[in-house]
Structures are given as structure tokens and as C-alpha cells.
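For reference, the structure discussed in these notes is given below.
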Amino acid sequence: MTQRGYAHKPLDRSQLRWFCDPARIEVASTAELEPTDEIVGQDSAIEALRYGLETAAPGQNIFVRGLTGTGRSTTIRRLLRSIRPPCPPAADRCFVYNFAQPDRPRLITVPRGEGDRFRRRVDALIQFLREDLRSALSSDLVKDRLGQLEKSAVAEIQQLTAPFEKELREAGLSLMMAQMGPVARQVIVPVIDGEPASPEHLEALRRQGKISDAELDTIRSRIAEYAQRMEKIGESIQEIQGRRQHTADELMEGEVKALLGQSMARIRNEFPMPEVGVFLDEVLADLVGKRLSHLDRAEQFTELYRVNVVLSGDEDECPIVIDNAPSLPGLIGSVDWSMRPDGAPEAPQMLVRAGTLLQADAGYLILEARDVLTEPGAWRALIRTLRNGRIELTPPDLPVPWRMPMLRPDPIPVKVKVILLGDPGVYPMLEAIDPDFGHLFKVLADFDEVIPRDDAGIRCYANVVARIAREEDLPAFDRTALAALCEHGARIASRRGKLTARFGRLADLAREAAFLAGRDNRQSVTREDVRGAVRRNKARADLPSRRFQELVRDGTLRIATHGAEVGQINGLAVMSAGQLAYGFPTRITATLGPGSRGAINIEREAELSGAIHTKGFYILGGLLRHLLRTQHPLAFDASVAFEQSYAGIDGDSASAAEICCLLSALTELPLRSDLAMTGAIDQVGHILPIGAVNEKIEGFFDACVATELTGSQGVVIPAANAGDLMLRHDVVEAAEAGRFQVHAIETIHEAIGLFTGIDPGQRGDDGHYPPASVLGRAVERAAAFWEMGSRRASKVGDPPGSSG
């Protein structure tokens, strides 16, 4: 547009949007495409991943950094399938009962793939104990041998007691069972009239006078004499019975060992590990020492002999475990306080359950960093396991039901490579808060969020869409639909020559486009379906944007889109709604008068300015000094404000607009209201790139449409952002028809010329601007404020521009 002699050429249609020619798609539709595992544009990340997966050096766990939806998990799984890294030797892990410390289940390690066989061998032994041992120990042969022991003991006792009983008869005495409280025992009593006489009967005879006191004393004396001998004989009988019982126990132990020997020997031969031998010895000792008299309860006590295989792997399998819910017990394992059908708790060793760290032993465990960090205790347990190389199910880490014993199973050695997926901000945070993190996660694989916008990138997009269509049974996508998806990928990337690598968003859009095609009973997805999905996706979250346009239309928000005003300019800002962003104009004003405080940022004074915006405002002051370069201090007060803005403001993308607004207030030259501007600045006047350039342009375009599209309106952006443009089709069509312009500039001088229509001015050889230029007038006005301040200061005694 030309005004008062200053001209600037706007960008043409080809510069406002990249159009993907469907002819670049190598197939007519995804139905002809066989998806491949090609990974495009992530060479550095793949090389780091490959090294981390293949190396066995300590601490080489992998942190995969990148935004969600960039294909991190998919790439890792494909790499693991393609390179098939060798797995180090691993083992199966089993827990058995600890007879010495029941609260410390004992770990037994057997070769990989052998854990289940070891359990089956022990289960067969337990089945024999429950079903056959009792009958085997009741065989005729065993009964005969026990009977012989009993006969031998009886004969020996009779040989010992027969002479004593003969003497008792000759002495007129006999043995008689007497009840003494709850106990019955043998006592010596006299024989009177051919019948044993109890102590009570003797006392009755004395009272009747049939026995004198002297005769009673003689009987009692004789009984006492024989009682002492009987006590010694009783001790001898107990010794005989003790020997008999010991011999019987040895017999039973020998029988048990003979009956179990073959099964146990087989287990020992198949599993020659020392801990297996110790376990079998303890089982046998417990059975012989405590259980033989309780074989009727074998179903209960043999629970202690069971083997709990917590990890059993395939000999040729390299475990790849993905934990989508990495809670503390899910990671390190747990103690499962379950009950048997009879209501009794399970044996302690059977309560231990493996977690994903153990399941991934000698393999790979893939975790999302944010999931681990948000689970109480999970991060600490993960780091402790990687640091110590073993899993410890410590009581403080595990919830224990009331009145249940605290178990401390043996630590489990583990060698696992953890692949941690995290967003870009997580990695520096973990480095800052956890001193172990850097030592344990030494491999960083950075996934870029964009890929090159070349033939390989377009082919990658077609592959992704073909795979989604095949896996989810979607209609085929024709080449126009694939081209439209590539264009939308360029829009999301908003970077020159790039496509987004956030394939999750691409997949969502493809699914909605397939839905639209299916709704209309079409057999394939076309460009119009993709564009319709884009519009629907945006419309679902654009309520704030629509309300803003309504407020502009009815004048509630004062946004001018035509005419010109002194000290007023349209800046551009963005608001977010989920993954989408919406631009909108914001009115920036500046006022200026004599003084000494310099430029004032009203947002900062009201504590609504963020750190980056405040920094940008300080740069603005430096640029103002650079542009004017007066021989005296700047002697004016100026204030800059974002009108009708009541929330916090951050970022420096409005600083170029702010300097134009200040210069307008200083020179009293009006700025075009039919233009809006976005761009950061440096202290020498370069216009620097900003973010969300497409959304900002579209936001001002929508505001112009809401009022009236006059044909003179447009947006001024940094030239560095021109290659990032992927504007909506309606904006491109309006620009092509000459009803809207986009200007790309490199310096603040171009912005001044565009907004004022006057030559901004360049310093001549004498160091001065042309008097008619904008900057020439700015220098003149600054000098006038200095002189005004000098006259005022001469009256009060202060130099102009001082704060005193």
C-alpha cells in the first residue's frame, strides 16, 4: 500500500502458505501403500537410542526427550525389533520359606526358564507328602518293626519289674492304680484277706480295731522301703521307653528319608545350586522333627514347602516391558496379603509378587517420566534399584494390612535398562533435583518435534496414515487427502521447510476425516474431508475467539481497523485452548509529555507484566536512545499501556509495536489503524521472530471481517517468520484478491514507514536525519522537550533530565 509516498510490497500468495502438490504423493491412495518402519528426520535421536540399547556399560539408561505424540514409543519398539540387542545371561527367581526367619522369605535363583520346572518338582514332592506318606508309614513292614521295638521294650521292662513284684507278694504287698487328683499312678498297698487294701481301707480297719497302730506303722514302713526301690525302677522304665521312642523315631526318619530320597535326589541333581540343597534339607528336618505326628494335617503344613516363582523367562526371549501405570508396588513388586479358602493367610513366601523392574530383568523397561514422578515413592524406588542393582521390598515402602506380619524378602539382584520418556522440561528438572539422575541416565535421545518438509517427510506422512488406516480399518486416503494432511502438518510445525513430528495430532485429524467420509458413505477420504476435520476441530474450541469478535463488532472492545491515530497501534496476542491457539488484536497506546522519568510500562507498574515483557520494554528504551542519539538526555515522560487488558502480559512480541507507538506520541504523527503488528526488537532496530505468527495474522483478519474488510488492512510481521506462514485458505484467498496484506520487515525503519506513510529517515554523513523524516522530527521534538525542561530547571536550579 502507498501512502504519502512510502511503499512496501506485501507477500504474495505463494509466500503465505505452502501448498503440497498431490502429484508428489507416489500412490493414488493408502490402499496401494505397504507401510514401512522408516523413521524420518530423527537421525541424532536414533543414533543415541541405538547406542543406549546396545551398550552394556554401567549407567547407560536412556532418557528420550521429546513432546508427546512425536513417535517416541513407536520408534523405540521398532528399534528393539530391528536391532534385537543381545540379552545378558539372566535367571529365574523363586522364593521359598525361611525356616530360621519366617518373616524373611529366601530367594533361590535357578537358570532362566527352569523356575517352573523346579516348582513342579517340589509340588510333586508335596503331593506325595499329602496323599501317600501317611499310608506308606503305616505299611505292614513298618508296623512289624515298630511292634518288635515295643515287644523288646515290654520284655525289658518285665525283666526289670518281675523280681520286684515277686518280692512285693512275698512281703504281703501289691501294686494298685490310685487316682491322685487328675493323675492316676501306681502305688504300693498291703494285701489283707487276699485283697489289695487302699490307704483309706487301712485307716478304716485301724478305727475298727482290726489293725493296731503298731501293725499299721510296720506296714507303712515296709511300703516306704519298697517305694524308694519302685521309684528307681520307674526311672529305669522311663529310660527304656525313651530308648524305644528314639529308636522308633530313627526308624521313622529312616523310612521318611528312604521314601523321599529318590524325589529329593532328583531335585538336587537337576538343580545343584547350594541354596536348593539347603532348602530341601530344611524341608526334611521340619517334616521329621515337627510334622510326623501331624500327618493328618499335611494339607496345611506343606504350604510352607511350596515354591513361589516370581520370575520365569524364556531362554531366547529378551524382555521388553512397557509400564503404563508405574506405581510403587507395580515397579518393585508387592506383598499380596491373600487368604486361603480356609481363612488362613498364605505362606509368607507365596505372598511376594514381581513388579515390572523384575519382569524386565536382563531386558528393557519403558516408562513415562511424568507417570513415575506423580506416583508416591515410585521415583525413589526406581533410582534406588538402578543405583544398587537390586530390588528391595522394604516394609516402609509397602502398605501392610493391620495385624499382618512385616515381611522383608531377600533382595533380588536385577540388571535392567530403563528407557524413560519425558517432555523437554522434565530432563533439566530431574538434573536439578536428583544428584543420581545424571549418573544413571547417561544417554540422552532428543526427538525433534519437526521433520524435513521434503519427499522423505511426505512419504513418512503417507506411511503413518496408511498404517493407521490399516490398523483401525479406516477408509483409504487418496493423494489429495494425504497432501492436505501434509499441509496441516506444516501448519502445526509453523517452521520454514518443516512438518510436525507430532503424529498423534495427525492421527486424530485423520480419524475425524475418515469419520466424515464414512458419514457421507464415501469409500475414500479426500482433501475436503481433511479440511472439514480441521474446521470442525478448530470450531470446537473457538468460543473465546468468537466472543472476542462479537465484542469487537459491538464496540465493547475498542479495536480500530481503519483510519489513523496518534499514539495508538494494534498489537497482536494469542490465547490457548488445549492444543490450539487463537490470535486477537490488542490496542496499545502511548502518551508523552515533558519530564525526566523516561518511558513507563503501565503493565509493569500494575504488576501485570511478565519477566520477558519487562525485558522487552527495557530493550525498547535502549532502541529509542539508539535511534535518536541526541546530544542531551531525553527529557520527557512517556507511558505505554495495553488497553482493556486485565490479565497478565508476557512475551516480547509487542515491543516493535510499542516503539512505533512511542515514536508516534513523540512526533504526533498518526499511525495506521488498518494495520496490526507483531515482532520483537533488539537495541539496534532489527525485527526479531516471534511465535504463533499464523494465529496472530488470522486473529487480526477475523477482527477486520467482524467490522468491515476494506481492502487496505493487513499485518506486519518479522521477515524471519515469513517462511513459517501456513495461513488459512480464506486469508490466502483474501490476500490474493487484494483485500488483505501481509508485510514482512527486517528493521524498525520499515515498520515506521508502513505505519506513518512517511520516510522513516536514515542518518546522513553529517549524522543527522532529514528534517521531514519521522526520525528527524523525533529528534527535533526531543530537543524541544529538552529546551522546555532546561527553561523549567533554570528556574528551580535542577539540570533538565535529572531526577532531583
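Quick notes on this one:
- Nearest 10 degrees, 0 to 90: helix 378-388 Cα axis against the chain principal axis: 70 degrees
- From the coordinates shown, Cα Rg over 2.2 N^0.38 Å corresponds to which of (i) 1.42; (ii) 1.71; (iii) 1.06: (ii)
- Test item: Cα-centred dipole of the chain, Lys/Arg +1 and Asp/Glu -1 on Cβ, debye: 1440 debye
- In order along the range 9-19, phi translates into HN-Hα couplings of 7, x, 6, 8, 4, 5, 8, 8, 7, 8, 9 Hz, rounded to whole numbers, per the Karplus curve 6.51 cos²θ - 1.76 cosθ + 1.60 with θ = phi - 60° and x for Gly and Pro.
- Selected from Gly767, Met677, Ile745, residue furthest toward positive end of dipole (the range 667-800; charges at beta carbon): Gly767
- Pairs spanning more than 23 Å between alpha-carbon atoms, out of Lys9/Lys498; Lys151/Lys257; Lys442/Lys498; Lys415/Lys442; Lys166/Lys232: Lys9/Lys498; Lys151/Lys257; Lys442/Lys498.
- Only beta bridges with both residues in the chain are counted; by DSSP, about 60 percent of them are antiparallel.
- Point-charge dipole on Cβ atoms (K/R +1, D/E -1) for the range 453-606, about Cα centre, debye to 20: 180 debye
- Length-normalised contact order of the range 668-718 in % [C-alpha pairs under 8 Å, at least 6 apart]: 50 percent
- Among Met788, Phe99, Val154 the positive-end extreme of the charge dipole of the chain (Cβ point charges): Met788
- Given charges at Cβ of Lys, Arg, Asp, Glu: the chain dipole, positive-most of His562, Val309, Ile687: His562
- Solvent-accessible area of Asp361 with every protein chain in place, 1.4 Å probe, in Å² to the nearest 10: 10 Å²
- Tilt relative to the chain, helix 774-796 - C-alpha long axis, 0 to 90 degrees, to 10: 90 degrees
- The range 669-790 shape via C-alpha gyration tensor axes, a/c threshold 1.5: prolate
- Relative contact order (%) - criterion: Cα under 8 Å, at least six apart; region: the chain: 17 percent
- Longest segment of the chain lacking GluC sites (Glu not before Pro) that sit in a DSSP loop with at most 12 other Cβ atoms within 10 Å: 39-314
- Acute angle (nearest 10 degrees) that the helix 274-286 long axis makes with the longest principal axis of the chain, alpha-carbon atoms: 40 degrees
- Reach of Lys210 by Cα under 13 Å, taken over aspartates and glutamates that are not fewer than 8 positions away in the same chain: Asp193
- Per-residue ellipticity at 222 nm computed for the chain from its helices equals -14500 deg cm²/dmol, with DSSP H segments shorter than 4 residues left out and the rest contributing -39,500 (n - 2.57).
The values are calculated or read from the model by the stated rules, or taken from the named source; none is laboratory data. Source: prediction; values computed, not measured. For neighbour counting, all protein chains shown are included, and Cβ atoms are generated from backbone atoms with ideal geometry for every residue, glycine included. Surface areas here come from the heavy atoms of the whole protein model, side chains and all, with no ligands, DNA or RNA. Shrake-Rupley method; radii C 1.70, N 1.55, O 1.52, S 1.80 Å.
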